[in-house]
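Quick notes on the structure that follows.
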Amino acid sequence: MAELTSTSSMHAEKLTGRTQQIFFSAVESDRLASPHAIEVDFAKSAEIDAEGRSAREVNQDIAARMRDGCGTITVLNPGAKHSLGVGILNRLNLNFKGSLGYFGCGLSDGPNIHISGRVGWSCAENMMSGTVVIEKNAGSTFGAAIRGGDLVCKGDVGSRTGIDMKGGTIIIGGRTGAFSGFMMQRGRMIVLGDAGQNLGDSMYDGIIYVGGKIAGLGVDAVDAEMTELECDWIRRKLEMYGLEAPNGVENLRKIESGKQLWNYDSLEPTEKKLVL
Amino acid sequence: MCGIAGLIHRGKTANIGGELLSMLQSLKHRGPDSTGLAMYGSADSGRADEYVMRYKVAEGADLATGFKIHDEIADRFNLVRNRLAEYNAVVVSVEDSTPYARRCRFRYDGDLRRLADYLEDIEGVEILSIGKALELIKDLGDADTVGDQYQLRNFEGTHAIGHTRMATESDVDIRSAHPYWAYPFLDVSVVHNGQLTNYWNSRRALERKGHRFMSNCDSELIAVYLADSIDRGDDLEESMHRSLRAFDGVFTYVVASDNKLGMAKDYMAAKPMVLYESDEFVALASEEVAIRSVFPHEIETIDPYEGEVRVWQS
């Protein structure tokens, strides 16, 4: 793995001690996961009751069950606690029976998470891959800075949805608040309901699709034309999560960056190295 | 950061003291400096001239400044009693809340603002609230500390608002703690989470109209602004809509009057608010954990949107 990354000139530096880095492997035999990912069996399941326990204890319990090989974990009575289900860098089916508070499921890379209730602010912040599906509503800064994966809320979400998102897909079954897609850099956002003021304000790249009314576009956010290819992709995505565009996918309004504020290219630093 | 909360029972009274303290204790991590509650009880005697007043004559920290302060506090309490008598206000009852704060019920049919100004002219005296139903209590420490100190755990009433404060731009003292009473209007109080960036300009404009400010806390501006707007004939909801256009900054605030509870969120929607509403009960707070401290089971909650104003009646 180290050889692969160095030969592609991505990581030429030799780092030691605390600065030592271990890189993600793109080779299928390495399980497309972080080097410390645990082999889990999806048929092996466990239940965790969060009642009366701190978020830290619950998260440690999830990690312990994964180390035992459990691939399907259900958390009962999450009670809107903050920071549950965070930092999971593993394949895992994780179900929350209830609602989460702030910062739920952040920094995740790989798990498929289902939440039967609602989530508070900053759900799935910095998600790298996997899926997070919420059956009810979500708070503000939903999917802030996500880089990959699918983040789905079947209800309404607050303001600044997908702020600074750098990849992945955010799907909202209902309405989203003001400044959604603010400083968005990549990825796609599908909003089946209405969108608040300043949609896509200062977005550098990425695309936002809106099924309902848009209260107002932000600075440098402009209308664009839908293609058949995009329509097919959106239909497939919505079907995956049991959602439908009320007025048909072909009638979604497509918003992208006017690129008048665009003052840097859209490549990640590592990709820049490859190009250079 | 600060945490704010409010609740209202529709058509009945309940133990709002216990409920609100529980909500505020859940929000302790948002602000441990001070805790305040504005509760609307069943204290109204039905007499048009009878009021309940909560006031303080010193800060808790003053007690550590020497022996002399205890005499000064006693003198200030005496001065308040004398000035009430001087204005022909009849004291019905007086209860000590703390060594430096009291609850006083009195009858008075004169100009309430003149009386309030006369009392606050005494050094160290601040009227926290005067109302028919409103009782406003605030002090340093978390909700459990303040609740025990002022014996609020079994306070019966219809609705209440509360605040846990993380001091940012003004001092850690009772004067800068929330809620704020909308002086001199009976039974109007406000709690706020956020920053008002046009505070000084707006404050100067209101001071020119004759309103007084007791602190340098921007949250007090909301209370005084609403009081001024109500004074000019707007109802509570209109005043709240007007405030969203008048204030710059990021803020969410909760306001209560004798029979109403309201919330307003600025156009940037940068400060949180979670809302639960049923036919019998409405609860709102900065975080859902606060509401879940009253309703441990799964509930349907929403986040109000930018520029949204909502008002409920008890």
*Could you identify the single residue in A:Asn126, A:Asn90, A:Asn59, A:Asn112 that is in a strand (DSSP E or B) and not hydroxyl-bearing (Ser, Thr, Tyr)?*
A:Asn112
*Six or more apart or on different chains, Cβ under 6 Å: which pairs go from a residue in segment B:278-303 that's assigned by TED's automatic domain parsing to the domain that holds B:Gly18 to one that's among the acidic types (Asp, Glu)? Could you list them?*
B:Val294/B:Glu19; B:Thr301/B:Glu288
*Take the residues in segment A:185-231 that are surrounded by fewer than 18 Cβ atoms within 10 Å (Cβ to Cβ) and of a type in the set (Val, Ile, Thr), then tell me which one is farthest from A:Val249 (Cα to Cα).*
A:Val219
*Check segment A:102-114 and report whether any residue there is within 14 Å of chain B (Cβ to nearest Cβ) and either of a type in the set (S, T, N, Q) or farther than 23 Å from A:Phe42 by Cα (or both).*
yes
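Matching residues to (1) surrounded by 20 or more Cβ atoms within 10 Å (Cβ to Cβ); (2) within 14 Å of chain A (Cβ to nearest Cβ):
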position	(1), (2)
B:His241	no, no
B:Phe247	yes, no
B:Val255	yes, no
B:Ala269	yes, yes
B:Pro272	yes, yes
B:Val289	yes, yes
B:Glu300	no, yes
B:Gly307	no, yes
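Is it fair to say A:Asn90 is buried (at least 22 other Cβ atoms within 10 Å of the Cβ), under 19 Å from A:Thr169 (Cα atoms), over 13 Å from the mean Cα position of the chain (by Cα) and among the polar types (S, T, N, Q)?
Taking the combined requirement at face value, the residue does not satisfy it.
Restricting attention to segment A:59-87, report how many residues are on the phi < 0 side of the Ramachandran plot and away from chain B (no Cβ under 14 Å). Spell out how you get there, then give the answer.
Step one: of segment A:59-87, the residues on the phi < 0 side of the Ramachandran plot are A:59-68, A:70-76, A:78, A:81-82, A:84, A:86.
If we keep only those that are away from chain B (no Cβ under 14 Å) too, we end up with A:59-68, A:70-74, A:86.
Number satisfying all stated conditions: 16.
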*Restricting attention to segment A:62-73, report how many residues are in a helix (DSSP H, G or I), crowded, with 21+ Cβ neighbours inside 10 Å and within 21 Å of the chain's Cα centre (by Cα).*
1
_Residue list for segment A:232-257, restricted to those being surrounded by 15 or more Cβ atoms within 10 Å (Cβ to Cβ) and more than 21 Å from the chain's Cα centre (by Cα)_ = A:Val249, A:Leu252, A:Arg253
*Could you run through segment B:49-71 and say how many residues are without any contact (Cβ under 8 Å) to a residue 24 or more places away in the chain and either of a type in the set (A, V, I, L, M, F, W, C) or not in a helix (DSSP H, G or I) (or both)?*
4
_For segment A:142-183: of the residues being away from chain B (no Cβ under 13 Å) and among the acidic types (Asp, Glu), which is farthest from the chain's Cα centre (by Cα)?_
A:Asp164
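Which residues, counting only those in segment A:18-64, are in contact with a strand residue (DSSP E or B) (Cβ under 8 Å, 6 or more places away or on another chain) and modelled with pLDDT under 60?
Our first condition is that a residue be in contact with a strand residue (DSSP E or B) (Cβ under 8 Å, 6 or more places away or on another chain); within segment A:18-64, this holds for A:33-34, A:37, A:40-51, A:58, A:61-62.
Passing the criteria: only A:Ala33.
Any residue that is over 30 Å from B:Asp171 (Cβ atoms) and among the small types (Gly, Ala, Ser) - is there at least one of those in segment B:223-236?
Yes, that holds for at least one residue.
Name the residue that is surrounded by the most Cβ atoms within 10 Å (Cβ to Cβ), counting only residues in segment B:72-108 that are among the aliphatic types (A, V, I, L, M) and in a helix (DSSP H, G or I).
Initial filter on segment B:72-108 (among the aliphatic types (A, V, I, L, M)): B:73-74, B:79-80, B:84-85, B:89-92, B:94, B:101.
Those still in the list that are in a helix (DSSP H, G or I) too: B:73-74, B:79-80, B:84-85.
On the way: B:Ile73: 18, B:Ala74: 12, B:Leu79: 18, B:Val80: 23, B:Leu84: 20, B:Ala85: 12.
My answer is B:Val80.
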*Among residues of segment B:259-298, those that are under 23 Å from B:Phe247 (Cβ atoms) and among the β-branched types (Val, Ile, Thr), counted*: 1
*Qualifying residues in segment A:115-137 (those that are buried (at least 24 other Cβ atoms within 10 Å of the Cβ) and among the β-branched types (Val, Ile, Thr)) - the one farthest from the other protein chains (Cβ to nearest Cβ)*: A:Val132
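The values are calculated or read from the model by the stated rules, or taken from the named source; none is laboratory data. Note that this is a predicted model, so its numbers are computed, not measured. Cβ: placed from backbone, ideal geometry, glycine included. Neighbour counts: every protein chain shown.
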